[in-house]
Structure formats: C-alpha cells, structure tokens
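Computed from the coordinates by the stated procedures, all read-outs in this text should not be read as laboratory data. Treat the numbers as computed from the prediction; the structure is a model and nothing was measured.
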Amino acid sequence: MTLYHDIHISRAPKRAAAEPGFLARVLARFGYVKATPGPFRASRDRSHGIAVGFDYVAPHLIEDRRIYVVEGKTRPLFALVTKIAAPAMSITSVGSLESAERAIESFSYEKALLVLDIDTLGSTTDAVEKLIAFRRRSPDTPVVIGSSLFARHDFSLARGVIADASVRLPCDCVSVALAIESAVGNSAMRFRAA
C-alpha cells in the first residue's frame, strides 16, 4: 500500500547525507536502522512509497480462541474473518448453528467466538429462539451476528440477549474487526456486571 508518491520527485535513489539528522538519531536510539536504497528494487516497490501493515483485531483478544463462522454458501463472512483474524487459534466455517455448538462443546476447555449470519437461520423468531438457547448453554462465548435486515452496525450490548455485537451485511473488514473486538469486550463486561 503506497501512502504518498509525488510524480515530480525523481525516483532515482538519493545519497545519504554525511551527518544524520535529528530524527535519524532518535530512531537509531530506539533500534531502527536507516533504510538504504538497496532494498528498494523496482520489481518489489515500484513507487518507493511507504508500505505499512497492521492488525485489524488486537492479537491478544483472539490468539487463544477458536472462531466459528456460520453462514450460507457464498461465505463472505468467512473470507472477511479469515483476512482479519489470522492470529486466532483456528477459523472454521460450519454449516449450521448446531454444528458450531457441537464444536464449541467439544473444545469446552478452550475459548471460542461465534460469527453468525442470522439470515441463514430461517425466520427472525426462529433465529432469536436458537440464539437465546445457545447463549444459555454457552454464556461465555462471544457472539457476533450479521444480517442484511439490520439498519446499521451495533457494537453495543443493545442486542445483548442474543449477541455481543452485530453488523449489517454486506460489510467490510473494518466493521467485522470492530464487531469482534466489541464482542470480546462486551462479553467480558457482561460477566463483570453479573
């Protein structure tokens, strides 16, 4: 990802100044080494811009969790969760809420997280009843629900009876990441309040 490149600036590598500047000295003190033109080859970085990377979800929130994704055949949620939750212990796509519940119960000694497209559960009444029953059997599992019928994303406990966070589908990586972080935090808050 290139953040900025001015077409008026030459792409030719520049020679380093004889004296390091103030910022170079500060960065060197913290262990950062000055980049040289050598590593930037035209085949690897065509713009000589700055490439950055970051975690969508704080790794400490999900690295000890198994994430189960329940959705239809197109699996857009699974693709998003796979992209943003790489530090998780595992990410599994399951065909139904019952399959996810069996998997969560089989690893009862490990933490889990459920991401669910409730449009695949049938009517809204059926979906709510199934989620209430799931929450009674597995109250410590954070639940993120998604639906195309929702008016907006909701990362609060407004739907706390059935979920810890919710997203309106279709959505993007950032929305799912915020929902996962909110669900883990809201789940912990529910137990502190109880």
Task: Cα-based equivalent ellipsoid, region 59-193: semi-axes from gyration tensor eigenvalues, Å - done: 18, 17, 16
- [ ] Mind listing the long-range amide H neighbours of residue 56? Cut-off is under 5 Å, sequence gap 5 or more, other chains count too, H placed in the peptide plane at 1.01 Å from N.
- [x] none
TODO: Normalising by the residue count of region 59-193, find the relative contact order in percent from Cα pairs under 8 Å and 6+ residues apart.
DONE: 22
